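Participant: I have a structure here, written as structure tokens, and I will follow up with some questions on it.
The values are calculated or read from the model by the stated rules, or taken from the named source; none is laboratory data. Worth saying up front: this structure is predicted, and the values here are computed from it rather than measured. Here the Cβ is made from the backbone with ideal geometry for all residues, glycine too, and neighbour counts use every protein chain on show. For the accessible areas, the whole protein counts, side chains as well, though only heavy atoms, and no ligand, DNA or RNA atoms are used. Shrake-Rupley method; radii C 1.70, N 1.55, O 1.52, S 1.80 Å.
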Amino acid sequence: MSPTPDLSAVLHHIDAELPQELDRLMALLRIPSISTDPAHARDCDAAADWLVAELASLGATAAKHPTPGHPMVVGHLPGDGPRMLFYGHYDVQPVDPLDLWDRPPFEPELQDTPKGQVIRGRGACDDKGQLMTFIAACRAWLAHHETLPMEVVFFFEGEEESGSPSLIPFLEGNKDLLKADLALICDTGLFDDRAPSIITSLRGLAGIEITLTGADRDLHSGGFGGPAANPIRILSRILAGLHDETGRVTLPGFYEGVPEVPAEQLASWEALGFDAAGFLGEVDLSELAGEDGFSALEMLWSRPTCEINGITGGYTGAGFKTVLPSQASAKISFRLVGQQDPQAILDALRSYVEAALPADVTVAFTNHGAGPASHMNTTHPAFELAREALTEEWETPAAFTGAGGSIPVAGYFQTILGIDSLLAGFGKSDDGLHSPNEKYDVESFRKGTRSWARFLGKVAG
Ligand SMILES: [Zn+2]
């Protein structure tokens, strides 16, 4: 399919202006907007100001909105067509350990690597580089057209990397300001580092800690071993009972609301040619460990899990101590799919643990959050247009995929604003998000920008 004359001018514009756009991104990357560190509150504010000015340069009306934490940036750019909410975040992760960085994290630079040119610096990919792809595409479009083919509400958060404490109240208090037909989120990656992907389902997450207490103090195993209950032994039995020998979770009702994946969707996942052996080989594993009868992608995208994330109890220092501990605890998390009810699952876990305790052992529970899975309704025409746009730009079929992790903002957009999200991003697995030496491929930035421009072209019709 050959692009319309107007679109090809926009695409040429993007290529020709790439150095200038990279300069803009570098300016944003120089602001150390680490949201979790109070010492960087001013920098977060400066990044928000920078974005307000950037949006203004596009012709948008934009403002910084204070919150009890870091400000939100909301901009509005009129256009002819549907109203889209574009989300990104301007805050970044802390940089430690600093000595593992090859250069100062907030002095970004372009580097030539064997795999091509990269822009190196904290936030290069997550999420400053990614959010700038959309801004750059809008700028290029407007250089060749009067208006955008859609109305855009830009929404940039400054607390994504620190748990988004202000997000829910801000969404609830600003429904009118943020209302849109659909959200666009650019904070994800390519599938297998090569195929453009639109994530349409995200697993939910629920976490709980269980602490068992037996005797009122640690005991000597010579003096009490035998008569006294050992909480570690009881905890082990409880944890071992969470799965059966086929890998299924045994909690009653756990699979209620887990949908069958439609055959057509399974076929499209199959067509991605995912290399499960390579995926496991990367981390020195060789054998799928989940439920029998499912592929690795099904396990990641469409099946729920129960995982034990940490165990404590007894003597864990150097040497040896023959102790019967008073307490033992475990942190347990669930990745959830479909309509699984996080609260019902935590309740089932509590009942299971309580029923398994002998008379002398008590349990205390600490909840660590519970959010359901989210599924996007892909009938909004933008999904198909985005799939076409991405496929053309990357010359690789774009796929609707799942995500094993959670992107909470997409769920809040559904529950609070009542809109689905189109999640498309251009990160790669070696970008080092949250790690030293974070980078974004210049080619990802260029093609990402061109992808959004092609999407605008599709929306324009
Ligand atoms: Zn991010």
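Participant: Taking segment 1-30, which residues are at pLDDT 95 or above and among the hydroxyl-bearing types (Ser, Thr, Tyr)?
Facilitator: Ser8
Participant: Answer yes or no: is there a residue in segment 131-138 that is under 17 Å from the mean Cα position of the chain (by Cα) and either within 16 Å of the ligand (Cβ to nearest atom) or assigned to a strand (DSSP E or B) (or both).
Facilitator: Yes, segment 131-138 contains a residue that is under 17 Å from the mean Cα position of the chain (by Cα) and either within 16 Å of the ligand (Cβ to nearest atom) or assigned to a strand (DSSP E or B) (or both).
Participant: Looking at (1) within 16 Å of the ligand (Cβ to nearest atom); (2) over 23 Å from His434 (Cβ atoms); (3) not basic (Lys, Arg), which is the one condition that is false for Gln93?
Facilitator: The single condition Gln93 does not satisfy is (2).
Participant: While we're here: Considering only residues of segment 26-36 that are polar (S, T, N, Q) and buried (at least 17 other Cβ atoms within 10 Å of the Cβ), which is farthest from Trp141 (Cα to Cα)?
Facilitator: Ser35
Participant: Then there's this: Within segment 60-80, which residues are touching a Ser or Thr at 6+ places or on another chain (Cβ under 9 Å) and within 14 Å of Leu148 (Cβ to Cβ)?
Facilitator: Selection gives Gly75, His76, Leu77, Pro78, Gly79, Asp80.
Participant: Still on this structure, I have one more. For segment 37-67, name all the residues that are more than 20 Å from Phe106 (Cα to Cα), exposed (fewer than 15 other Cβ atoms within 10 Å of the Cβ) and either among the charged types (D, E, K, R) or within 25 Å of the chain's Cα centre (by Cα) (or both).
Facilitator: Within segment 37-67, Pro66 is the sole residue that qualifies.
Participant: Here's a check for you: in segment 294-312, which residue that is in a strand (DSSP E or B) and of a type in the set (Ser, Thr, Tyr) is surrounded by the most Cβ atoms within 10 Å (Cβ to Cβ)?
Facilitator: Filtering first and then ranking leaves Thr305.
Participant: Name the residue, out of Gly273, Gly253, Gly247, that is outside any helix (DSSP H, G or I) and either exposed (fewer than 12 other Cβ atoms within 10 Å of the Cβ) or at pLDDT below 95 (or both).
Facilitator: Going through Gly273, Gly253, Gly247 in turn, just one is outside any helix (DSSP H, G or I) and either exposed (fewer than 12 other Cβ atoms within 10 Å of the Cβ) or at pLDDT below 95 (or both): Gly273.
Participant: Is there a residue being part of a loop (DSSP other than H, G, I, E, B), out of contact with any Lys or Arg (no Cβ under 6 Å at 6 or more places or on another chain), farther than 29 Å from Ala206 by Cβ and open to solvent by 10 Å² or more (accessible area, probe 1.4 Å) anywhere in segment 401-424?
Facilitator: No, the conditions are met nowhere in segment 401-424.
Participant: Now for a separate question. Quick test for you: out of Ile210, Ile232, pick the one residue that is closer than 19 Å to Ile345 by Cβ, at pLDDT 95 or above and touching a strand residue (DSSP E or B) at 6+ places or on another chain (Cβ under 8 Å).
Facilitator: Of Ile210, Ile232, the one residue that is closer than 19 Å to Ile345 by Cβ, at pLDDT 95 or above and touching a strand residue (DSSP E or B) at 6+ places or on another chain (Cβ under 8 Å) is Ile210.
Participant: Next question. Looking at Ser333, Ser374, Ser326, which one is within 30 Å of Pro149 (Cα to Cα) and either surrounded by 19 or more Cβ atoms within 10 Å (Cβ to Cβ) or of a type outside the set (A, V, I, L, M, F, W, C) (or both)?
Facilitator: Only one candidate qualifies: Ser374.
Participant: Can you name every residue in segment 152-203 that is among the aliphatic types (A, V, I, L, M), within 16 Å of the ligand (Cβ to nearest atom) and not in a helix (DSSP H, G or I)?
Facilitator: Selection gives Ala183, Leu184, Ile185, Leu190, Ile199, Leu202.
Participant: A follow-up question, please. Out of Thr391, Thr449, Thr362, which single residue is over 23 Å from the mean Cα position of the chain (by Cα), hydroxyl-bearing (Ser, Thr, Tyr) and at pLDDT 95 or above?
Facilitator: Just a single option satisfies the conditions, and that option is Thr362.
Participant: Follow-up. Failed condition for Thr316, given (1) out of contact with any helix residue (DSSP H, G or I) (no Cβ under 6 Å at 6 or more places or on another chain); (2) open to solvent by less than 20 Å² (accessible area, probe 1.4 Å), with all others met?
Facilitator: Against the list (1) out of contact with any helix residue (DSSP H, G or I) (no Cβ under 6 Å at 6 or more places or on another chain); (2) open to solvent by less than 20 Å² (accessible area, probe 1.4 Å), Thr316 comes up short only on (2).
Participant: Moving on to the next point. Any idea how many residues of segment 64-112 are more than 12 Å from Val153 (Cβ to Cβ) and of a type in the set (A, V, I, L, M)?
Facilitator: 5
Participant: Ok, one more. Identify, by number, the condition in (1) more than 14 Å from the ligand (Cβ to nearest atom); (2) assigned to a helix (DSSP H, G or I); (3) open to solvent by less than 40 Å² (accessible area, probe 1.4 Å); (4) closer than 24 Å to Leu29 by Cβ that Leu142 doesn't meet.
Facilitator: Condition (3) is where Leu142 drops out.
Participant: Counting only residues that are out of contact with any helix residue (DSSP H, G or I) (no Cβ under 8 Å at 6 or more places or on another chain) and part of a loop (DSSP other than H, G, I, E, B), which one in segment 70-91 is farthest from Ala460 (Cα to Cα)?
Facilitator: The residue in question is Pro78.
Participant: Taking segment 345-369 on its own, how many of its residues are open to solvent by 70 Å² or more (accessible area, probe 1.4 Å) and in a loop (DSSP other than H, G, I, E, B)?
Facilitator: Here the count works out to 2.
Participant: Output the number of residues of segment 214-239 satisfying the condition of being crowded, with 17+ Cβ neighbours inside 10 Å and either of a type in the set (Ser, Thr, Tyr) or in a strand (DSSP E or B) (or both).
Facilitator: The number of residues fulfilling the criteria is 1.
Participant: Also, I was wondering about something else. If I go through segment 276-293 residue by residue, how many of them are surrounded by fewer than 10 Cβ atoms within 10 Å (Cβ to Cβ) and part of a helix (DSSP H, G or I)?
Facilitator: Within segment 276-293, residues that are surrounded by fewer than 10 Cβ atoms within 10 Å (Cβ to Cβ) and part of a helix (DSSP H, G or I) number 1.
Participant: Can you pull out every residue in segment 1-50 that is assigned to a loop (DSSP other than H, G, I, E, B) and over 20 Å from Val74 (Cβ atoms)?
Facilitator: Met1, Ser2, Pro3, Thr4, Glu17, Arg30, Pro32, Thr36, Asp37
Participant: Could you go through segment 372-390 and let me know if any residue there is within 16 Å of the ligand (Cβ to nearest atom) and in contact with a strand residue (DSSP E or B) (Cβ under 7 Å, 6 or more places away or on another chain).
Facilitator: No, the conditions are met nowhere in segment 372-390.
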